[in-house]
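Where a number appears in this text, it was derived from the coordinates with a stated rule and is not lab data. Here the structure is a predicted model, which is why all the values come from computation and not from measurement. Neighbour counts run over all protein chains shown; Cβ positions are idealised from the backbone, glycine included.
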Amino acid sequence: MARLFISYRRKDSSGYAQTLHEDLLQTFPGMEVFRDLESIAAGEDFVDAIERELDRCNVVLVLVGPHWLSMTDAQGKRRLDNPNDPVRMEIARALTRRGVRVIPVLVGGAVMPDAAELPEELSALGRRNAHEMTDKRWQYDFGELCSVLEKLPGMPMRSAATDSTTQSTANRSAAGDDDLPLPESLKKPVGRVIGAARKFVWGVGIFFTFILVVAVFVGEQETTPEPAPAPAPFVADEPAPAPVAPVAIASLPSPVPAAPAPEPERDLTGNWTMIDAQGERIPLTLTGHGNDLTLRSPRINVTQHPVWQVYNAVLIQTYGQGVTDIHFEGAGEAHERDVNFALNIFANGNVMINTGSLSLRVANSSTMTGTLRYNSGETSVVTVSRSSGAAVN
């Protein structure tokens, strides 16, 4: 049986890896697709499992996201420079296997690194022709990737049903039809809500409603914290006049220099609130482990939100169930004053409906400012302020 291995960094392209994994399984029913998150059994040795799968696979897809090359560890060193880095080990082993096709796949707007930017044992990857998969033309790009895969020795052909769907979508995309720019997995995820097994295909109307939904959480004007007032200048008290002789100038006390401004707080663990330019507020809980950070929001009830009510009316009429809540999850790193997260956005607890990134700059101990980007194209300037309260479950 044909086997395909997906290599990726969870903090860089986990959403893309999941989408690609699902699409490949649907398109090639006779092929096994290995993705570490779902393919390694509990208690199994991670390194042994990875090496065993690499020795059995026909194709390795190396997902290169926007932070794949520059991601660092807790000591601030680039992960790819560590010989024991799992992603480096995966790729290095795959490149030495005869008969294995290693294909770099660019996602999230990433560009292919030069061979000189890679460790010596990965330099061959920099000479490989990469396949780009864009958010707006995902299904067309996926169809092109499938055309490459099915021509390789030992790889199966696409199933008849998915082949006709992919070719129809590919023809529209090649002709410049961008009415459905989201990946297939983002057009049809809501049908898996609360234990449902079937998948949906989102139509043009649902897509435009989704854009309206995203607009609720994004803005176009930057919100910045007001600067703290400057401290009043130090004024030394004049000494009392001497009873006999005037006081010499040299005896006057010297002004005390102002204390330097404190560095921003480095420990970002705690509860925060993200506010966009339209005033939408989303509670967030940040948890730190060295330079590594995780992010999570509570499940936000949207059943009474007017935009979601319109959106749910279409879903309920068509599929019998709509979206009750959404939440954010993310993983990232802090480097000096910069904090960067890769995000997944979920509906009804576990149905991923979008991915994106959150790039922040620490202003002080209680405020960060930056940009929230969705991989479907929307961007918002946000302020994240430290808050009190119970942690997010």
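The table below lists the values:
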item	result
Using θ = phi - 60° and Karplus 6.51 cos²θ - 1.76 cosθ + 1.60, couplings along the stretch 301-316 (whole Hz; Gly, Pro as x)	5, 10, 5, 9, 6, x, 5, 5, 5, 5, 4, 5, 4, 5, 5, 5
Antiparallel bridges, percent of DSSP beta bridges restricted to the stretch 2-178 (to nearest 5)	5
Residues whose placed amide H lies under 5 Å from that of Thr367, excluding near-sequence neighbours	Arg386
At R0 = 22 Å, FRET efficiency that the Cβ-Cβ distance of Glu120 and Gln75 yields, to 0.05	0.55
Gain on full stretching of the segment that runs from Asn82 to Glu44 - 0.36 nm per residue minus C-alpha separation	11.4 nm
Placed amide H near Leu106: partners under 5 Å, 5+ positions off or other chain	Val64, His131, Glu132, Met133
Computed label-point distance, nm, for sites Asp267 and Asp325 using a 7 Å Cα→Cβ extension	2.9
Table column - 3J(HN,Hα) (Hz), the stretch 65-80, Karplus curve with 6.51, -1.76, 1.60, x for Gly and Pro	x, x, 10, 4, 7, 9, 4, 10, 8, 5, 8, x, 8, 5, 4, 5
Built amide H within the under 5 Å cut-off of Ala2, gap 5+	Glu32
